Structures are given as C-alpha cells and as structure tokens.
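The values are calculated or read from the model by the stated rules, or taken from the named source; none is laboratory data. The model shown is predicted, which means the values in this text are computed figures rather than measured ones. Cβ: placed from backbone, ideal geometry, glycine included. Neighbour counts: every protein chain shown. Note: areas computed on protein heavy atoms with side chains; ligands, DNA, RNA excluded. Shrake-Rupley method; radii C 1.70, N 1.55, O 1.52, S 1.80 Å.
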Amino acid sequence: MVRTTTLAAAAASLLVHVQAGGLYTKNSAVLQISGVDYDRVIAKSNYTSIVEFYAPWCGHCQNLKPAYEKAAKSLAGLAKVAAVNCDDEVNKPFCGQMGVQGFPTLKIVRPGKKPGKPNVEDYQGPREAKAIIGAVKDKIPNSVKRLTDKNFEEWLEEDKEGPKAILFSDKGLTSATLRALAIDFAGVLPVAQIRNKETAAMEKFGIEKVPTLILIPGGSKDPITFDGENTKDAMVEFLSQAATPNPDCPPPKEKKPKSKKDDKKASKSSSKFSKASASHKSADASSAAASAQSETVEEPVVPTESPDPNLKTEDTAEPIIIPVEETKPTIPIIAEQAELQASCLTSKSLTCILAILPKDEASEASTTALAALASIHQKHDKSGGHLFPFIGVPASNPLASSILAELKFDSNDQPHLIATNGKRSWYKKYSGETFGPVEIEAWVDAIRMGDGKKETLPETLIVEDEKKPEVKEEKEKPIEQEPIDIKIEELPDDFEVPQPEKKHDEL
Ligand SMILES: *[C@@H]1O[C@H](CO)[C@@H](O)[C@H](O)[C@H]1NC(C)=O
C-alpha cells in the first residue's frame with residue numbers, strides 16, 4: 001500500500017514530464033528517435049526516411065499527428081517514418097544542427113552515394129497522409145534491374161551460384177514494394193523485373209500470369225514460384241529461404257545485455273521499423289495488431305502501463321527518486337536603469353527575457369516566476385546550451401514602470417514576463433496566468449524556436465548602442481543560440497522556413 005502510494009505520488013509529479021515527453025505514444029507506428037539515434041537509424045540506413053521535427057506544444061504538430069500516424073502505418077516495411085521531439089533537452093542541439101527553425105519541419109532523408117551521407121531535403125507538400133506517403137515512396141531508391149528478352153540470359157549468368165529474384169509484371173514502373181524488397185536484400189540477392197511483353201523470358205520460366213515472383217536459388221536448383229499473399233511481408237519471407245535480409249540499419253554499438261536470445265534477432269528488433277518490416281515473424285503480429293487497432297480507433301490507445309520508458313513498470317517496488325536541486329538557482333536582478341538598458345534594451349541587443357516585478361517582490365507569483373525562470377536557465381546551462389539572459393527587473397528600476405506603460409500592461413501587482421529583442425525591435429508578452437516552470441518553459445521554447453506572433457517594440461524603450469566591438473561577436477552566434485533571426489509576422493500560418501542551403505544534395 002505504502003509502495004503504491006509512493007509510486008503514485010512519484011508518477012503524479014512526473015506526469016508533466018511524461019506529457020511533455022512527446023506527441024506519439026510508445027505504441028505508435030511512428031519511430032521516435034533522438035538526435036543520438038539519427039546517425040545510425042536514419043543516416044546510415046539503406047532505407048528512405050521521413051523525419052518530423054516537432055514540439056509537443058505546437059498546434060500544427062498536433063494537427064499533423066493523425067496524418068503522420070497514418071503515413072507511418074502505410075509505409076511500414078517500405079520506408080521509415082520517424083519523429084524527433086525538439087522540445088526534449090537532449091535533442092535541441094540536434095534540431096538546431098538540422099536547421100530546424102519552425103515546427104513541424106519534415107525532412108525526407110534518403111541514402112546518398114556515400115554510405116552514411118544521406119540526401120536530406122525538406123518536405124514542403126501538404127500535411128496529409130496521402131501526399132506524405134506518395135512523396136516518401138517516390139524517394140525510395142530503385143536497385144531493381146529492369147530486364148528484357150535481350151539481356152535477361154546475361155543477367156542470369158552473372159554470379160550463377162547465388163540466389164536471384166525476378167518479378168514478372170505488366171507494369172512499366174517498379175513498385176515501392178519491389179524497390180523496398182530489393183533494399184532488404186541489397187548485396188545478397190539481386191532483384192529484377194521483367195515485363196510480360198518479354199515473351200522469351202516469360203516462356204523460359206513458364207510464366208502464365210502476372211504478377212509472378214520467382215526465386216532462383218542459384219546453382220542447379222530449379223526456380224521456385226511465389227504463391228503467397230501479395231504483401232511485402234510474405235515476399236520477404238519467401239526470399240528469406242535463399243538469403244538473409246539486411247537489418248534496416250547498423251546494429252547499435254553497445255546495448256545493455258537485456259535479451260541475449262539471438263544476436264541476429266536482437267539487431268533486427270533494434271528499432272520499431274524492423275518490427276513493422278516484414279523481415280521477422282513475431283513483428284508481423286505486432287504490426288498487424290497495430291494496424292487492426294488503427295481501424296477501430298482514431299489514435300493509438302495510451303498504454304495503461306507507464307508511457308515513459310524511464311519509468312520501470314516491472315519492479316514497482318523500487319521507489320522512483322526524483323533529484324532535488326541542492327542550491328536554489330537565481331537570475332540576475334537589475335535595479336539600475338542604465339545597466340538594464342546596456343544589457344537588453346539597446347538597438348543591438350539580442351533576445352532577453354525580463355521579469356518585471358511588482359512592488360511586492362516577495363509575492364507568491366513573483367517568487368514562483370523567478371524560481372521558474374532560474375530553474376529553466378539552469379537546466380540549459382547544465383546541458384551546455386546558451387540561452388538568452390533572464391533578468392529580474394524590480395519596481396525600483398525606473399524602466400520598470402515605463403516598460404509597463406509602453407507595453408500597456410494592465411495591472412501592477414503581478415509579475416510580467418516579456419521577451420525583448422532590441423536589434424529586431426520586437427517583444428513578446430507572456431500571457432499565462434500562472435508562473436509555473438512548465439508554462440514558462442513552453443513560452444521560452446516558443447521564443448527560442450521563433451514560434452508565435454511578436455509585437456513591435458516601441459522605439460522609446462530602446463537606446464542607441466555605442467559599444468561597437470561587441471556587435472561583431474553577437475552576429476556570429478550559431479543559429480541554435482539565436483534561432484529567431486526571422487520575422488515571424490511575415491511567415492504564413494503554416495510555418496515553414498526555406499532551408500538555407502542543401503548541404504547534402506549530391507544528385
Ligand atoms: C546496405 O546495402 C549494402 C549493399 O548495397 C549492404 O552491404 C549493407 O549491409 C546494407 N546496410 C545495412 C545496414 O543493411
């Protein structure tokens with residue numbers, strides 16, 4: 001009983017974190033990756049992926065979710081559909097590196113000429129399942145050999161001892177399924193397609209109807225005709241009798257020896273994709289279950305067990321220890337007008353967050369807001385991020401009342417949070433009614449990512465900057481430090497910012 005209570009209390013206090021943890025549930029067909037996984041799971045994969053960069057609080061991301069889930073189910077086994085929560089502290093630098101400036105950002109990543117150096121391009125199409133599925137399918141590389149009566153014999157002669165597969169078809173194009181099948185067996189089993197008008201080839205293999213898939217086991221063995229269900233899963237299984245399909249990405253370097261059942265299996269099930277892909281049986285059941293579920297309910301059911309992978313469900317006996325900060329973090333309080341101006345209100349000042357405090361500095365709201373700001377800033381400092389300054393402005397600072405008056409704040413007995421940027425002449429009010437760390441952090445993150453509307457900062461609040469030498473340094477700050485180098489008001493509702501340059505575009 002006591003244990004249950006402890007756990008419940010701990011879970012309740014973690015609930016906010018859990019909810020802020022991500023948009024997709026553990027059982028989602030969307031592969032949830034972190035910046036750490038990206039290189040191995042996406043960049044080094046032979047498959048094409050679409051990656052969504054999102055923040056859980058972003059409305060357009062929430063709107064995209066059902067379509068994205070649908071795309072993930074439909075593309076299972078063909079391509080990877082992944083999502084990165086850019087709100088998660090560990091992913092923020094990665095999202096910055098990927099040039100993410102607004103949410104959601106969708107990027108299609110497909111293998112490049114050099115392994116591990118994929119082509120990355122923004123997906124700018126409609127945020128609908130059908131359009132996403134089509135765009136991703138289009139980018140699945142095609143290594144299927146197109147054969148004719150003239151050259152099929154020659155192809156059969158190549159590497160005669162090894163297995164090969166041929167799909168006879170009436171289609172001129174190669175389907176996404178066959179292209180994905182060829183990727184599964186890249187390097188181990190060449191896949192070809194022959195059109196039914198190639199009568200010599202049709203006759204040679206005694207093909208009477210299309211589509212027909214045959215496996216040529218190699219050596220002197222006779223070809224085998226596939227008579228299973230017309231799904232990619234069944235085809236993979238059929239070809240697996242002659243060759244082992246590749247894993248969908250390189251196995252993780254070192255994983256905790258959790259399940260030592262079978263190395264091959266462990267590496268295959270290292271990601272959700274392989275679960276959804278056909279290459280092994282137990283996974284088929286789960287993906288079938290997932291798709292069956294999708295037909296009856298709109299969104300995946302939230303698991304009754306904890307959706308937070310960090311919460312252990314098996315050993316409930318262990319209490320969860322939540323680290324407590326030993327020293328209370330603080331933010332600078334600036335009571336001098338000139339100092340505040342120099343810090344945040346010159347024509348060269350970059351983003352600052354000001355907490356304008358009421359006369360009663362010790363009020364509960366003030367204390368809460370200052371503590372929240374301090375803990376948010378401390379969190380960023382600890383993770384090596386460079387967050388813009390947070391500054392407390394007491395009522396005794398003469399600028400406090402001018403700011404309140406200029407920005408038309410109504411009351412003076414509450415703290416007021418504003419973000420300012422002197423260089424770009426904007427400000428943004430915090431409009432929340434409470435001052436908890438979660439609400440404030442969501443607001444801070446929106447500012448960091450350039451999300452949301454900004455107002456024009458009255459000129460009367462800005463002083464000309466005289467200290468020239470500092471300017472240059474500020475300009476060269478990398479983008480993740482100051483991602484709001486853009487005027488949000490000018491952007492369309494469906495926030496998408498063009499990619500500055502396509503570094504990876506080799507083709
Ligand atoms: C990718 O394909 C190549 C053959 O083109 C293969 O050798 C390699 O193992 C594949 N990568 C993975 C991760 O399976």
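A compact table of results
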quantity: Subset of region 356-375 [open to solvent by less than 30 Å² (accessible area, probe 1.4 Å), within 32 Å of the chain's Cα centre (by Cα) and in contact (Cβ under 8 Å) with a residue 60 or more places away in the chain]; calculated: ALA369, ALA372, LEU373
quantity: Single condition THR199 does not satisfy, out of (1) under 33 Å from the mean Cα position of the chain (by Cα); (2) of a type in the set (Val, Ile, Thr); (3) surrounded by fewer than 17 Cβ atoms within 10 Å (Cβ to Cβ); calculated: (1)
quantity: Residue list for region 376-394, filter: at pLDDT 85 or above and surrounded by fewer than 18 Cβ atoms within 10 Å (Cβ to Cβ); calculated: PRO389, PRO394
quantity: Scope region 139-173; condition open to solvent by 90 Å² or more (accessible area, probe 1.4 Å) and either modelled with pLDDT under 95 or over 39 Å from the mean Cα position of the chain (by Cα) (or both); matching residues; calculated: LYS150, GLU154, GLU157, GLU158, ASP159, LYS160, GLU161, LYS171, LEU173
quantity: Pair list, Cβ < 9 Å and 6+ apart or interchain, from region 42-66 residues that are open to solvent by 10 Å² or more (accessible area, probe 1.4 Å) and within 16 Å of the ligand (Cβ to nearest atom) to residues that are in a loop (DSSP other than H, G, I, E, B) and among the hydrophobic types (A, V, I, L, M, F, W, C); calculated: LYS44/CYS249; ASN46/ALA186; ASN46/CYS249
quantity: Of the criteria (1) modelled with pLDDT of 90 or more; (2) touching a Ser or Thr at 6+ places or on another chain (Cβ under 9 Å); (3) surrounded by fewer than 16 Cβ atoms within 10 Å (Cβ to Cβ), which one GLY228 fails; calculated: (2)
quantity: Close pairs (6 angstrom Cβ cut-off, 6 or more residues apart or separate chains): in contact (Cβ under 8 Å) with a residue 12 or more places away in the chain in region 407-435, surrounded by 15 or more Cβ atoms within 10 Å (Cβ to Cβ) and basic (Lys, Arg) anywhere; calculated: ILE418/LYS429; ALA419/LYS428; LYS423/LYS348; TRP426/LYS454; LYS428/LYS454
quantity: Extreme residue, nearest to THR212 (Cα to Cα), among residues of region 120-134 that are surrounded by fewer than 19 Cβ atoms within 10 Å (Cβ to Cβ) and not basic (Lys, Arg); calculated: GLY134
quantity: Options ILE183, ILE140; residue that is out of contact with any Ser or Thr (no Cβ under 6 Å at 6 or more places or on another chain) and within 16 Å of the ligand (Cβ to nearest atom); calculated: ILE183
quantity: Verdict on VAL100 being under 13 Å from the mean Cα position of the chain (by Cα) and within 30 Å of GLY187 (Cβ to Cβ); calculated: no
quantity: Lone unmet requirement of (1) more than 16 Å from the ligand (Cβ to nearest atom); (2) closer than 30 Å to LEU31 by Cα for GLU198; calculated: (2)
quantity: Neighbours by Cβ (under 7 Å, 6+ apart or cross-chain): first from region 130-155, in contact (Cβ under 8 Å) with a residue 60 or more places away in the chain; second of a type in the set (D, E, K, R) and within 16 Å of the ligand (Cβ to nearest atom); calculated: LYS139/ARG110; ILE140/ARG179; PRO141/ARG110; PRO141/ARG179
quantity: Total residues in region 96-130, condition within 16 Å of the ligand (Cβ to nearest atom) and either at positive phi or of a type outside the set (S, T, N, Q) (or both); calculated: 10
quantity: Qualifying residue in region 80-92 (condition: under 30 Å from ILE166 (Cβ atoms) and buried (at least 17 other Cβ atoms within 10 Å of the Cβ)); calculated: yes
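For every residue, the table says whether it meets (1) touching a residue at least 12 places away in the same chain (Cβ under 8 Å); (2) more than 16 Å from the ligand (Cβ to nearest atom); (3) in a loop (DSSP other than H, G, I, E, B).
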{"residue": "ARG179", "(1), (2), (3)": "yes, no, no"}
{"residue": "VAL188", "(1), (2), (3)": "yes, no, yes"}
{"residue": "GLU203", "(1), (2), (3)": "no, yes, no"}
{"residue": "GLU208", "(1), (2), (3)": "no, yes, yes"}
{"residue": "GLY218", "(1), (2), (3)": "yes, yes, yes"}
{"residue": "ASP222", "(1), (2), (3)": "no, yes, yes"}
{"residue": "ASP227", "(1), (2), (3)": "no, yes, yes"}
